[in-house]
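The values are calculated or read from the model by the stated rules, or taken from the named source; none is laboratory data. As the structure is a computational prediction, the values presented were derived from the model and not from experiment. We place every Cβ from the backbone using ideal geometry, glycine too, and count neighbours over all the protein chains shown.
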Amino acid sequence: MDRAQKTELVSELNRTFGEASAVVITRNLGMSVAQSTVLRNKVREAGASYKVAKNRLAKIALEGTDYTVLADLFTGPTAVATSTDPVAAAKAVVDFAKTTDKIEIVGGAMGKQLLDAEGVKALASLPSLDELRGKLVGLLQAPASKLAAVTQAPASQLARVFKAYAEKDAA
């Protein structure tokens, strides 16, 4: 990798760190290419990204972002999972880590808040942004449907009363 490629990689990583809501650092413990591909696909499906980067270049890319607290975690064969959804990257990596012992979750961060491996697992257990939006829409729709049912009930009861009087008078 020549100097220009390194500069491009550092600027790309810096941009990624600048846009991310959460970052998860993992350590590769001998994953095969197939396992790595499966992990990348799972992370991509979750709306996150997963990149292997040289530790020195990653530390340089951290400068000027909220994630400078992660610098000490870049030791050994590491990779970075990032996402704009605070939960997506953590959830994808933790789910994959349950299936194999070839990956270790080192830690992560949400902005300036450093998370250890247990913190990343706790973050992964939270509902994703899409799940929260779905629940919120459900909560907002429930009162509206109940309100419609309540307002229609007296009208239908009144109609039945009028019908009964009309049938009584007609008879």
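Things worth noting here:
- Residue check for residue 151: hydroxyl-bearing (Ser, Thr, Tyr) and at pLDDT 90 or above: no
- Candidates 74, 96, filtered to the one that is farther than 29 Å from residue 2 by Cβ and modelled with pLDDT of 90 or more: 96
- Among the residues of the range 4-43, those identified as basic (Lys, Arg), part of a helix (DSSP H, G or I) and at pLDDT 90 or above are 15, 40, 42.
- Subset of the range 44-55 that is crowded, with 18+ Cβ neighbours inside 10 Å and closer than 16 Å to residue 77 by Cβ - its residue that is modelled with the lowest pLDDT: 53
- Residue in the range 56-107 that is farthest from residue 122 (Cα to Cα), counting only those that are out of contact with any strand residue (DSSP E or B) (no Cβ under 8 Å at 6 or more places or on another chain) and crowded, with 20+ Cβ neighbours inside 10 Å: 61
- Any hit, the range 25-34, residues being surrounded by 14 or more Cβ atoms within 10 Å (Cβ to Cβ), among the charged types (D, E, K, R), at negative phi and within 16 Å of the chain's Cα centre (by Cα): no
- Out of 3, 15, 40, sole residue that is more than 18 Å from residue 69 (Cα to Cα), surrounded by 12 or more Cβ atoms within 10 Å (Cβ to Cβ) and among the charged types (D, E, K, R): 40
- Any hit, the range 113-134, residues being more than 28 Å from residue 6 (Cα to Cα), buried (at least 17 other Cβ atoms within 10 Å of the Cβ), in contact with a strand residue (DSSP E or B) (Cβ under 9 Å, 6 or more places away or on another chain) and β-branched (Val, Ile, Thr): yes
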